[in-house]
Amino acid sequence: MVDRNRLVNNFIEMVKVDSPSKKEREMANWLVSYLKERNIEAVIDNAGDKIGGNCGNLVAYIKGESSENPICFAAHMDQVMPCENVKPIVEGNIIKTDGTTTLGADDKGGIAVILEALETVLENKVPHRDIYLLFTVCEEVGLKGAKNLNCANLPCKDVIIFDAGGPTGIITYKGPSQENISITFHGKKAHAGVEPEKGINAIVVASHAISNMHIGRIDEETTSNIGRIEGGAATNVVTDKVTFTAEIRSHKEEKLEAEIAHMKKCCEDAAKAFNTTYEFNHENSYPRFEVDSESFVFKLSEEGLKKAGVEPKAMITGGGSDANIISSYGYRCAILSLGMYQVHTVDEYANIDDMYNAANAAYHMMTI
């Protein structure tokens, strides 16, 4: 029942609205205007003030014929840079850019799918459950909008987030916790050509530590990575300071803690071997999330997809999303795919058939 052309036109209109992280106000204004034309009031919280952005998270409520089992549909307003002055190009079933920017299917594709489903429900006066909309800010730069969400604006506890890549049908029900780590090794400067034996090369110390760490795929639930390393200057100076950043992700907290401890032990052993010091700092970026396959939100997602003629496929992700944060507040979240591909690159594109199927599925999830 959804309108394919309207879906595409709204999506194209939205991706032309600049909305890099922390600068989502113009996109929020577009949404507020869109909703107001349909007599739907929206509220914007103060998350932007807390994170140095120009806009907060948007929440809207559409009263239904039934208040039993309300559902929230969510997506994020920001997109990965470069994302200003997007020039969308439609080629058959594909929407892409001219190659100079990201497209913004991540996640304006999610917003377009949700709005088209809602438009179809309202236009045809189809009985529906209570519906909430949540459009967050700064998802792409550390889930900062979700981390500062005013939960008082969102009493509904079941949330379907359209923010997964790949063909429509994927239901992501489980995601890992991530720990961000920063490590600094201190060495001792010396002239590398005249008296190198008087120095302690921090690069060598760091290399010793890293060589003993578990990096990459540790097991089916745990990964680790060194993301950046910096230090040193001229080749004739023994480097006295090196800093590198890392991350560890796992679906099991005990495994996450064990890998943090192992990484720290590698640093301790290296510092001891070279008679020097180090600093080891870590903080949790987001907690793990998991929704039960027997939960209402998971079953509703399955049912909506099947009614849209799409076979559901439950999946586990290794990435993080708003679901990790929102779930920690007591919400039950499922992340659905919508046909976006090669996201976070200038080669990003959206598949119109997939978006159409996702909108049909969302429509069925809204109705009673």
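Bear in mind that the values in this text are calculations on the coordinates, not laboratory data. Keep in mind the model is a prediction, meaning the values are calculated, not measured. Cβ placement follows ideal geometry from the backbone for every residue including glycine, while neighbour counts extend to all protein chains displayed.
General remarks:
- From helices alone, the chain scores -9000 deg cm²/dmol at 222 nm; the rule is -39500 (n - 2.57) for each run of n ≥ 4 DSSP H residues, then divide by the residue total.
- Against the rule of thumb 2.2 N^0.38 Å, how large the Cα Rg of the range 262-368 comes out: 1.61
- Across the range 178-286, the relative contact order, built from alpha-carbon pairs under 8 Å that are at least six residues apart, equals 41 percent.
- Binning all Cα-Cα separations of the range 178-286 at 10 Å, short to long from zero, yields these whole-percent fractions: 15, 44, 26, 11, 3, 0.
- Residues Ser67 and Lys125, FRET efficiency given R0 of 22 Å [Cβ-Cβ distance, rounded to 0.05]: 0.75
- The overall shape of the range 1-141 is oblate: from the C-alpha gyration tensor, with semi-axes ordered a ≥ b ≥ c, the ratio a/c is 1.5 or greater and a/b is no larger than b/c.
- In Hz, Karplus ³J(HN,Hα) per residue of the range 261-276 (6.51, -1.76, 1.60; θ = phi - 60°; x = Gly, Pro): 4, 5, 4, 5, 5, 4, 5, 4, 5, 5, 4, 5, 5, 10, 6, 9
- Sites Glu37 and Glu253 - FRET efficiency at Förster radius 41 Å, r taken between beta-carbons, to 0.05: 0.35
- Taking the C-alpha atoms only, the angle from helix 202-211 to the longest principal axis of the chain is near 60 degrees.
- Integer Hz, Karplus 6.51/-1.76/1.60 couplings in order for the range 322-327, x for Gly and Pro: 4, 4, 4, 7, 4, 4
- Cross-link partners for Lys125 among the aspartates and glutamates, with Cα-Cα distance under 20 Å and sequence neighbours closer than 8 places in the same chain left out: Asp3, Glu37, Glu41, Glu65, Glu68, Glu116.
- Above-threshold pairs, the threshold being 22 Å between Cα atoms, out of Lys147/Lys307; Lys144/Lys299; Lys198/Lys241: Lys147/Lys307; Lys144/Lys299
- Here the 3J(HN,Hα) profile of the range 236-250, calculated from phi with Karplus coefficients 6.51, -1.76 and 1.60 at θ = phi - 60°, is 8, 10, 5, 5, 9, 7, 9, 10, 9, 10, 8, 9, 9, 10, 7 Hz, Gly and Pro shown as x.
- Full-stretch length increase - Glu230, Thr277 - with 0.36 nm per residue and alpha-carbon distance subtracted: 15.2 nm
- Computed about the Cα centre, the dipole magnitude for the chain is approximately 420 debye when only Lys and Arg (+1) and Asp and Glu (-1) carry charge, each at its Cβ.
- Above-threshold pairs, the threshold being 21 Å between Cα atoms, out of Lys252/Lys306; Lys16/Lys157; Lys23/Lys50: Lys252/Lys306; Lys16/Lys157
- Tilt relative to the chain, helix 296-307 - C-alpha long axis, 0 to 90 degrees, to 10: 60 degrees
- In the range 284-356, Cα pairs under 8 Å separated by at least six residues give a relative contact order of 28 percent.
- When the inverse distances between all different Cα atoms of the chain are averaged and flipped, the Kirkwood radius reads 22.2 angstrom.
- Of all DSSP beta bridges in the chain, antiparallel share, percent nearest 5: 70 percent
- When peptides 134-140, 338-344, 90-96 are ranked by their average number of other Cβ atoms within 10 Å per residue, the highest-first order is 134-140, 338-344, 90-96.
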